[in-house]
There are 4 protein chains.
Amino acid sequence: MKKKSRFLQTPVEPFAVEGGLTADQVLLRMERISFQGRNLATAHRIWQKMLEDDVTIFLGMAGALSAGGLRLIVAHLITNRYVDCLVSTGANLYHDLHETRGQRHYLGSPHADDAALADERIDRVYDTFASEEEFIGNDNWIADFAATLESRPHTTREFLHLLGGHLWNTTGRDGILTAAYRANVPIFCPAIADSSIGMGLSQARQKKPGAGFIDVIGDIVESANLIIRRPRTASVVLGGGTPKNFINQASVQAEYYSDQVGGHRFAIQIVTDVPHFGGASGSSLEEAQSWGKLASDAARVSVQADVTIALPILASALATTVPPILARRKAPVFTLASRAMTIDGRSVPNDHFEEVNEPAV
Amino acid sequence: MKKKSRFLQTPVEPFAVEGGLTADQVLLRMERISFQGRNLATAHRIWQKMLEDDVTIFLGMAGALSAGGLRLIVAHLITNRYVDCLVSTGANLYHDLHETRGQRHYLGSPHADDAALADERIDRVYDTFASEEEFIGNDNWIADFAATLESRPHTTREFLHLLGGHLWNTTGRDGILTAAYRANVPIFCPAIADSSIGMGLSQARQKKPGAGFIDVIGDIVESANLIIRRPRTASVVLGGGTPKNFINQASVQAEYYSDQVGGHRFAIQIVTDVPHFGGASGSSLEEAQSWGKLASDAARVSVQADVTIALPILASALATTVPPILARRKAPVFTLASRAMTIDGRSVPNDHFEEVNEPAV
Amino acid sequence: MKKKSRFLQTPVEPFAVEGGLTADQVLLRMERISFQGRNLATAHRIWQKMLEDDVTIFLGMAGALSAGGLRLIVAHLITNRYVDCLVSTGANLYHDLHETRGQRHYLGSPHADDAALADERIDRVYDTFASEEEFIGNDNWIADFAATLESRPHTTREFLHLLGGHLWNTTGRDGILTAAYRANVPIFCPAIADSSIGMGLSQARQKKPGAGFIDVIGDIVESANLIIRRPRTASVVLGGGTPKNFINQASVQAEYYSDQVGGHRFAIQIVTDVPHFGGASGSSLEEAQSWGKLASDAARVSVQADVTIALPILASALATTVPPILARRKAPVFTLASRAMTIDGRSVPNDHFEEVNEPAV
Amino acid sequence: MKKKSRFLQTPVEPFAVEGGLTADQVLLRMERISFQGRNLATAHRIWQKMLEDDVTIFLGMAGALSAGGLRLIVAHLITNRYVDCLVSTGANLYHDLHETRGQRHYLGSPHADDAALADERIDRVYDTFASEEEFIGNDNWIADFAATLESRPHTTREFLHLLGGHLWNTTGRDGILTAAYRANVPIFCPAIADSSIGMGLSQARQKKPGAGFIDVIGDIVESANLIIRRPRTASVVLGGGTPKNFINQASVQAEYYSDQVGGHRFAIQIVTDVPHFGGASGSSLEEAQSWGKLASDAARVSVQADVTIALPILASALATTVPPILARRKAPVFTLASRAMTIDGRSVPNDHFEEVNEPAV
């Protein structure tokens, strides 16, 4: 009898419909279908492996995920340490703060009359609405808080930890910033100047001369030193954007000073951008290997899907499958309340890189 | 106190993560988030409403769904009468037949070496492989069967019913064609000439002069008469393509001959194409209203997602939520084994349209 | 001095802006930039090579190109024999006929109120409007013509040639159908049943019993025999859809009967669909090689762009660069007015495949 | 005779092919076709109107445009004052600096073996390659320069002007940074921390304690004050990303302090992202109106296209059509070499907003 080709080893297994399946059972049955369904199921599998391994897990988030109803999923991932470090756009932190302060976003329509919305001072994010007046209140609240800080540069990591603390003390409500504050999980926001958090900081200068100094270059140093201190890492990217590159850049920068760093060991990205226009958001995980952002043998998967579909399912599945793994996981321990942070008791400076390599003579 | 804007009525409700949620519970929690997640949850809700109402439900399928592991979902939808009439590309029926005949598709990689695959005669569909030799066997099998048919034109609807019957008698296995045969659900395939089913039919002419005559224009007449006979309809479209337009065209054509037809009452589409390039696959359901393809008050939702992600979740949720509705649903009853089909005991001709309207004097 | 890596051979040459550049000069300067700009420039280069070589050039067109203002470009490509055979969706031929009959499409907006449009019986194609009443007139015109034909099956190729002739005789106006009629260029329309051309044909049955019989399976046989007769081919695909696959299927089917066929020697596709959802429209030209649709050494390029941007530029450039090549090109010569067509004086049957291979004993 | 519908006013005018057409003539003929072709032609028309009007024109650029061969187009737009202020990602400035320093990017393939590239330390950007070693040299060069600066915070605007000056003095070569330096056009880089420019700045701290302090919050203040000083503005966005939002945020922030600001009067965006996933890059210009980012009567167009296709054509057309307009245009005049910039002789502070509105009592 004729031998099967080496290419024809594992058959596609058609998805069998059944009532009452839990999210993880659905994903399990999607592991042997094709295209993005298979990829989403693979993401579930790889995230489990990350948590079993001893890696620092970075989570990047871009896109209007907080306004769009996913902020408590991210808070859940932080609180339960599915992830160890968040890199976010400013907008996601701002819309999180908006709701943690007791305000809401609203169901709207992409076909709304934008002139009418403008008249009523309603801001639209595709199919979601919010009150501009409440946003102005947030900006002011951030400005007031920023004006109370010491007149010295703060990395976004330090500032956001303090902001999270203030938010928790004021509101006692769950959210991304408050969860990260309470769980001592660092948040970096490299593009803070391109967000309403940044606008709030800029308005602090109107209240107090010299207020609102943010040391984003210190964030670069700090994030690289984090990896130098603990070289095995993983990357979970939601939506691309600046967080995706910042997480990769930290690894590349760290490797420059330490041979023990060799790119992320695991990588998941859930994006809607595509590779063929050359932009970083859509770039493939294979391309990332050419740069050394990813280890050559990294377990990896790229899922082409809207995060508002993929993440609720993935998080629901993980919440069922990973609690035993989380229970025995040794996550890195941070202190975040000072100008310089620590990881597992060791300092993580932001004023110089911790060189591990012997200097070339 | 200030009144809320009329635009700010229903707040976004952040998705709350919990272990053990079933697919339908996940979708329920996605109804008040944003973007495509909300849309997928809305699709679940609208499908339920369709089944509660008294409508003929058309299902369109395009894209490599059968090769990609979704054929048993479609079979399930047919067998349990979540849908009443299938419009498909030829490829989906062909890859269904391939597996029903006991052959498989295989997990592959989009990064495979296509020259090496060609050398081993392996055909690739993105990340999925299959044996060209087995495909040639299928073509031949179809040609042999087609050569046994009466030497007269067959609509695709009649041909595919006979093909499904032959497949069921030969294999006794589940699949789309066999499920439709057993459930007496009609299948139309307007672009049959652009598929391997068509290639098989063309090869029948090599075996028997005059074989392989397909009356695709008869399919147009028949599908419109179906709607004239039973004017309330719904449309579920997976992936766009020719099935999407064929289902809409049937409604428009029917309305030409009957004032009782007024466009689909419900519409769900799950597509990855976008409206702004002008193609039919990505066209919006709003645009469909300008053509009268959709009733002006139709419940409708467009989900921008890969069907291999959206359908397993949606079908799993429906399998939990709709059995009681299905139990009391009165689906239309077809007879399909002849040149002319019937619906609910009334003839559905393919040689002329059943005019209901009074001729204008 | 250190040697450059083998990967770093040809530098990107930044595009230098200059006033007065012609379209071909712009494309020439785009050959050494990156991403889709480079690909569009490469398409220009490959089309030139096709025309220099001795190949039958198939042009596939899908998407609303005729309604969108590109029909006279396609007519130009046909008249001047940049291409030898057109495979089209029915819609593109229908909207061509609409304008050739002296009616127009109109500039509209994607934000139009579709209910208001429906009230005025205006049909919308994204940002383009047309009169439904005029469309009904077209359907009737097609039905009347179809009712005059002999009561026997016609391939779409034969029917469309006759339709083009009737249109030319009636209107004397330029367009795709009339240009193809006058230049004796065959047009195939495998999904004719999914279009208003098909609807017109179906209405012919209301006028004359037995009218409107289209032999789409004959089109498969005929298109494959075309390639068996003249095995060197090229493929230019605009927008994917059924034409893309039909052109490829003809090559695969031809190869089954003739070893001299070895896949297209050149391939250009301009598409907006992407490979990663598994659909045929977005499938890569590399994948096509695994199926043997494309020769392993074929010059090929895939351009990710809207055809309404890419084609006006590409055609304008070609109109400047290729006239000398066209002048010496020996294009295949067809006769199309009968049930069976000929190419270069040899018959191209639609009732059986011309087997060239020795039958295996 | 029946009156035409109000919706059917301006017919689509099919594109007429002709040899020898210049880029602007091609775009002129695209103004009355449909879909993205029409939009690109409209962008040409709107850019002309912007230049005729008295507005400050912001140009945003994201995506790998410099690596991809478009940097000299952007330099041309700056030098000839098609634009007045650039907002860029760090990567575009970095890859510009890379070439201005005499190094190159190289034509590569998206199908390259990334492990082999990693072995040779070649970094891939889709179909484009570059030497990692040269990149390390750039980082070092930037670090060395940054270490020579005064030990005080610099806005990105000030830093990039100084960097451009140093680059010009060192190389005498054209590029984005050097063109902006020579033309006194300000560059903002809100996400500088997410780029290799930022990495170079971070390495300056290794060379000199306290080096590399960037005041990104100052950039927010400065950009808003620019608009307060000169409230009529226009926005041209290439590729979305942080520049798109930063330009809009400047307008919103400015309006908070000055009633004379009312959103951009003109807006062009060329993007590949789509609105329906909720991200800022793909958000529509209509949505921007709800936020007041855009005047309600702003001339605007969104082009869905890869910038590497759209910009070479658009810039070539403009280079033919706008020189007379540029000759009489009164562009704003900046001084940029100090901690605080000026516009038209008036100071543009970064330590407080210039309030124009009467304080509410």
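The values are calculated or read from the model by the stated rules, or taken from the named source; none is laboratory data. This one's a predicted model, so the numbers in the text were calculated from it and none came from an experiment. A quick note on method: Cβ atoms are made from the backbone with ideal geometry, for glycine too, and the neighbour counts reach across all protein chains shown. Accessible surface areas use protein heavy atoms only, side chains included; no ligands, DNA or RNA. Shrake-Rupley method; radii C 1.70, N 1.55, O 1.52, S 1.80 Å.
So, D:VAL55, is that one of a type in the set (A, V, I, L, M, F, W, C), in contact with a strand residue (DSSP E or B) (Cβ under 6 Å, 6 or more places away or on another chain) and either touching a residue at least 60 places away in the same chain (Cβ under 8 Å) or closer than 30 Å to C:SER66 by Cβ (or both) or not?
Here the answer is yes, as D:VAL55 does meet what is asked.
For the range A:343-358, enumerate the residues that are surrounded by fewer than 17 Cβ atoms within 10 Å (Cβ to Cβ), more than 11 Å from every other protein chain (Cβ to nearest Cβ) and within 24 Å of A:HIS161 (Cα to Cα).
A:ASP344, A:GLY345, A:ARG346, A:SER347
Exactly one condition in (1) more than 20 Å from the chain's Cα centre (by Cα); (2) surrounded by 17 or more Cβ atoms within 10 Å (Cβ to Cβ); (3) part of a helix (DSSP H, G or I) is false for C:GLY137; which is it?
(2)
Only one residue in D:ALA180, D:ALA193 is farther than 22 Å from D:GLN103 by Cβ, touching a residue at least 12 places away in the same chain (Cβ under 8 Å), touching a helix residue (DSSP H, G or I) at 6+ places or on another chain (Cβ under 8 Å) and open to solvent by less than 10 Å² (accessible area, probe 1.4 Å), so which one is that?
D:ALA193
Suppose we filter A:PHE7, A:PHE58 for residues that are hydrophobic (A, V, I, L, M, F, W, C) and more than 30 Å from B:ALA130 (Cα to Cα); which single one remains?
Of A:PHE7, A:PHE58, the one residue that is hydrophobic (A, V, I, L, M, F, W, C) and more than 30 Å from B:ALA130 (Cα to Cα) is A:PHE58.
In this structure, is C:LEU201 under 16 Å from the mean Cα position of the chain (by Cα), within 14 Å of chain B (Cβ to nearest Cβ) and in a helix (DSSP H, G or I)?
Criteria not met by C:LEU201.
Given the structure, is C:ARG32 more than 7 Å from every other protein chain (Cβ to nearest Cβ), part of a loop (DSSP other than H, G, I, E, B), more than 19 Å from the chain's Cα centre (by Cα) and not aliphatic (A, V, I, L, M)?
Considered against the rule, which asks whether it is more than 7 Å from every other protein chain (Cβ to nearest Cβ), part of a loop (DSSP other than H, G, I, E, B), more than 19 Å from the chain's Cα centre (by Cα) and not aliphatic (A, V, I, L, M), C:ARG32 comes out as no.
Among the candidates D:THR22, D:THR10, which residue alone is at the interface with another protein chain (Cβ under 7 Å from one of its Cβ atoms) and either within 25 Å of the chain's Cα centre (by Cα) or under 17 Å from D:PRO312 (Cα atoms) (or both)?
D:THR22
Looking only at the range B:207-227, count every residue that is of a type outside the set (Lys, Arg), surrounded by fewer than 24 Cβ atoms within 10 Å (Cβ to Cβ) and touching an Asp or Glu at 6+ places or on another chain (Cβ under 9 Å) and tell me the total.
3
For the range A:76-92, what are the residues that are more than 17 Å from B:SER34 (Cβ to Cβ), among the hydrophobic types (A, V, I, L, M, F, W, C) and not in a strand (DSSP E or B)?
Passing the criteria: A:LEU77, A:ILE78, A:VAL83.
Every residue in the range B:146-173 that is closer than 17 Å to B:PRO349 by Cβ, open to solvent by less than 30 Å² (accessible area, probe 1.4 Å) and assigned to a loop (DSSP other than H, G, I, E, B), please.
If the condition is that a residue be closer than 17 Å to B:PRO349 by Cβ, open to solvent by less than 30 Å² (accessible area, probe 1.4 Å) and assigned to a loop (DSSP other than H, G, I, E, B), then B:THR155 is the only one that fits.
Among all residue pairs at least 6 apart or on different chains, which show Cβ distances below 6 Å where the first residue, located in the range D:130-155, is within 14 Å of chain C (Cβ to nearest Cβ) and the second is buried (at least 19 other Cβ atoms within 10 Å of the Cβ)?
D:ALA130/D:HIS105; D:ALA130/D:ASP123; D:GLU132/D:ASP123
Scan the range D:204-214 for residues that are at pLDDT 95 or above, assigned to a loop (DSSP other than H, G, I, E, B) and of a type in the set (Gly, Ala, Ser) and report the count.
2
For C:LEU72, all conditions in the list (1) within 7 Å of chain D (Cβ to nearest Cβ); (2) among the aliphatic types (A, V, I, L, M); (3) open to solvent by less than 10 Å² (accessible area, probe 1.4 Å); (4) over 30 Å from D:GLY63 (Cα atoms) hold save one; what is the number of the exception?
(3)
In the range C:119-134, what residues are of a type in the set (S, T, N, Q) and either open to solvent by less than 10 Å² (accessible area, probe 1.4 Å) or part of a helix (DSSP H, G or I) (or both)?
Within the range C:119-134, C:THR128 is the sole residue that qualifies.
Can you find, within the range D:239-248, the residue that is farthest from the other protein chains (Cβ to nearest Cβ) among those that are out of contact with any Gly (no Cβ under 6 Å at 6 or more places or on another chain) and open to solvent by 10 Å² or more (accessible area, probe 1.4 Å)?
D:ASN248
Exactly one condition in (1) within 17 Å of the chain's Cα centre (by Cα); (2) open to solvent by 20 Å² or more (accessible area, probe 1.4 Å); (3) farther than 22 Å from A:LEU65 by Cα is false for A:GLN260; which is it?
Here A:GLN260 clears every test but (1).
Here is a list of conditions, (1) crowded, with 24+ Cβ neighbours inside 10 Å; (2) of a type in the set (Gly, Ala, Ser); (3) closer than 30 Å to C:GLN304 by Cβ, and D:ALA298 meets all of them except one; can you say which number that is?
Evaluating D:ALA298 over (1) crowded, with 24+ Cβ neighbours inside 10 Å; (2) of a type in the set (Gly, Ala, Ser); (3) closer than 30 Å to C:GLN304 by Cβ leaves (1) as the failure.
Taking C:GLY292, is it on the phi > 0 side of the Ramachandran plot, more than 14 Å from chain D (Cβ to nearest Cβ) and without any contact (Cβ under 8 Å) to a residue 24 or more places away in the chain?
no
Listed residues D:ARG71, D:ARG121, D:ARG104; which is touching a strand residue (DSSP E or B) at 6+ places or on another chain (Cβ under 6 Å), in contact (Cβ under 8 Å) with a residue 12 or more places away in the chain and not hydroxyl-bearing (Ser, Thr, Tyr)?
D:ARG104
Does C:ALA16 count as facing chain D (nearest Cβ under 7 Å), surrounded by fewer than 19 Cβ atoms within 10 Å (Cβ to Cβ) and of a type outside the set (Ser, Thr, Tyr)?
yes
Residue by residue, here is whether (1) open to solvent by less than 10 Å² (accessible area, probe 1.4 Å); (2) without any contact (Cβ under 8 Å) to a residue 12 or more places away in the chain; (3) facing chain A (nearest Cβ under 8 Å); (4) touching a His at 6+ places or on another chain (Cβ under 9 Å) holds:
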| residue | (1), (2), (3), (4) |
| --- | --- |
| B:ILE309 | yes, yes, yes, no |
| B:SER316 | yes, no, yes, no |
| B:ALA319 | no, no, yes, yes |
| B:ALA327 | no, yes, no, no |
| B:LYS330 | no, no, no, no |
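Would you point out which residue out of A:ALA315, A:ALA299 is aliphatic (A, V, I, L, M) and touching a Phe, Trp or Tyr at 6+ places or on another chain (Cβ under 6 Å)?
Sole residue among the options that is aliphatic (A, V, I, L, M) and touching a Phe, Trp or Tyr at 6+ places or on another chain (Cβ under 6 Å): A:ALA299.
Taking the conditions exactly as written (open to solvent by 10 Å² or more (accessible area, probe 1.4 Å) and of a type in the set (Gly, Ala, Ser)), does B:SER284 satisfy them or not?
yes
Taking B:LEU40, is it part of a loop (DSSP other than H, G, I, E, B), touching a strand residue (DSSP E or B) at 6+ places or on another chain (Cβ under 8 Å), within 9 Å of chain A (Cβ to nearest Cβ) and of a type outside the set (S, T, N, Q)?
Against the criterion (part of a loop (DSSP other than H, G, I, E, B), touching a strand residue (DSSP E or B) at 6+ places or on another chain (Cβ under 8 Å), within 9 Å of chain A (Cβ to nearest Cβ) and of a type outside the set (S, T, N, Q)), B:LEU40 does not qualify.
Mind listing whichever residues of the range B:81-118 are polar (S, T, N, Q) and either facing chain A (nearest Cβ under 9 Å) or surrounded by fewer than 24 Cβ atoms within 10 Å (Cβ to Cβ) (or both)?
Within the range B:81-118, B:GLN103, B:SER109 meet the criteria.
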